[in-house]
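Nothing in this text is a laboratory measurement; each read-out follows from the coordinates by a stated rule. Computed from a predicted structure; not experimentally measured. Neighbour counts are summed over all protein chains in view; Cβ atoms, including those assigned to glycine, are modelled from backbone coordinates with ideal geometry.
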Amino acid sequence: MQPARPQLETQATSGAARLYWSRERMRAYQLERLRDTLAQAANAPFYAPRLRGVCLESVEDLARLPLTTKAEVRAASPSGLLAVEPTELFQYHESFGTTGAPASSWMTRSDFENYAAQINHAAVDFRPGDRVVVRFPYAISVPAHIVTQAAHDRGACVIPVSSRSAVSPYPRVIDLLRKLDATVLCCLPTEAIWLAEAARLKGLDSRKDFSSLRALAVAGELLTDARRERIADLWQARVFNLYGCTEAGNIAADCEAGSLHVSWDHFAVEVLDEATGRPVSEGERGIAVVTTLTRRAMPLLRYVLGDSIRLQAEHHCPCGRTAPLLQHYGRDLNLIRYAGRTFFTREIEEILLPAGAGAIGNFWLYEVRPQGVKVRVEAEYPDAALYRRLEAQIRSQLDLPLEIDPAPPGALLDRRRFQAVEPVAKPRTVGYIQDGAAPLTLDALMAAGE
């Protein structure tokens, strides 16, 4: 194998300035990194036969390489994609396994530090004096570990709460947030909503009783603009999104204006038409394909993430960053397939959630039936007239027959969940049932996925 070429980003060379580079300067830099990446990837048993004789003359030449699918990464795990000697390895992780068997992710120390540097591209801006509650699982997945490193790199104090366990049930997390005057909460978007409910059950108001909390950094789930606003209102704090995956790293992070900017100096991102595999026009929606530019232990070339995204290279974001903008539409968990068509829950949420928490609530799920889609919502103040207007709007804009079905608070999610210790699973909101079947609950959907 080739000798190691450390690519560690220190605080002095964090790459923040590169987020403002010109497009021409970005492309020249990416080409250099791509050539290094191909040379490194050739050390991996999986890539070695694919890369014989390959030479990149331009960034566009990347499209001549074959795609790397998730199935291939899973099949090659744990060691088929390893491109360094065992003595260089620093840490091992696996993907959550939400959409299939877990995929391996090996890291050198520089890989791990770069993952943290990518987190610090976000405008959440960890700083000395911050007390950062990390509610991601400190298990085999990566987010908690790299968020912790990112916060430490900026001089912040970390409170490593982890996800639901015998030592960190919801009541204790609420106590920690309050008594330690936590300033930043890092968690899944849904977890931010659930923690607000857990606070309410303890007689607290998440809007008033956590005055030190200035920001939330969320990751691991689709975050729509409407859901961001709902969470921000619940906690009276800014919400910053992080987009990535365990296998590759944190691909994009929110700026001050709330837009996801690609960490282009760490990733080359393509958007392909799902049917043809060809690049879509700029600004069109397609399947995300990512090539890592700084990974040493396990480089990935044209890795098909399976997420639906839009990418915009030319823009004028108010933050001043020139790094490409990424709009995330989610993956299979965020899709509704009905009558031979695919709908994104993002599009539905952007219509429903601005209607307000009183009528729509903070807990909802989609029941996909043969005759249409039913959105069941926990509503403290049901509003039939509002529901009919929203249903008509969704039919008009999305051509989707949809019915809003209100349920009393507590009907969709057993609040005892906020006291119990349970296996960790990402929340699910889309379920398929036949007409006449008993209505679903969020508890049942998550149990089905565990």
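Using the Karplus relation 6.51 cos²θ - 1.76 cosθ + 1.60 with θ = phi - 60°, the per-residue 3J(HN,Hα) values for region 347-362 come to 5, 6, 4, 5, 8, 7, 5, x, 5, x, 6, x, 9, 9, x, 9 Hz, with x marking Gly and Pro.
The charge dipole of region 334-449, taken about the Cα centre with unit charges on the Cβ atoms of Lys, Arg (+1) and Asp, Glu (-1), comes to about 220 debye, rounded to the nearest 20. Computed from the Cβ-Cβ distance with R0 of 51 Å, the FRET efficiency linking Ala275 to Asp414 stands at 0.80.
For the chain, the longest principal axis of the Cα atoms and the long axis of helix 109-119 meet at an angle of about 40 degrees. Taking the Cα centre of the chain as origin and assigning +1 to Lys and Arg Cβ atoms and -1 to Asp and Glu Cβ atoms, the resulting dipole is close to 440 debye. Each residue of region 363-377 was assigned a 3J(HN,Hα) from its phi angle through the Karplus curve 6.51 cos²θ - 1.76 cosθ + 1.60 (θ = phi - 60°); the sequence is 10, 8, 8, 10, 10, 8, 10, x, 8, x, 10, 10, 9, 9, 10 Hz, with glycine and proline shown as x. Summary of packing: across the peptides 75-86, 343-354, the per-residue average of other C-beta atoms within 10 Å ranks them, highest first, as 343-354, 75-86.
Backbone amide hydrogens, once placed in the peptide plane, bring Leu400 within less than 5 Å of Arg395, excluding anything fewer than 5 places away on its chain.
What is the calculated FRET efficiency for Glu380 to Ser162, with r their C-beta to C-beta distance and R₀ = 30 Å, to the nearest 0.05?
E between Glu380 and Ser162, to the nearest 0.05, is 0.45.
Within the shell of other residues whose beta carbon sits under 11 angstrom from the beta carbon of Val430, the net charge comes to 0, with Lys and Arg scored +1 and Asp and Glu -1. Report summary: the helix-based calculation at 222 nm, which adds -39500 (n - 2.57) for every DSSP H run with n ≥ 4 and divides by the residues of the chain, gives -8000 deg cm²/dmol. Highest mean first, the peptides 105-117, 39-51, 329-341 sorted by other C-beta atoms within 10 Å per residue fall in the order 105-117, 39-51, 329-341.
Compute the convex hull volume of the Cα atoms of the chain, divide it by the residue count, and report the result per residue in Å³ as a whole number. Please report the intermediate quantities before stating the final value.
Working: hull volume 66.3 nm³, N = 450.
With only Cα atoms used, the chain gives 147 Å³ per residue.
Between the Cα long axis of helix 225-235 and the first principal axis of the chain there is an angle of about 70°, rounded to the nearest 10. Report the relative contact order of the chain, percent, no decimals, based on alpha-carbon pairs under 8 angstrom and at least 6 residues apart. 14 percent. Each residue of region 279-287 was assigned a 3J(HN,Hα) from its phi angle through the Karplus curve 6.51 cos²θ - 1.76 cosθ + 1.60 (θ = phi - 60°); the sequence is x, 8, 5, 4, x, 8, 7, x, 8 Hz, with glycine and proline shown as x. Rounded to the nearest 10 degrees, the angle from helix 170-179 to the longest Cα principal axis of the chain is 80 degrees.
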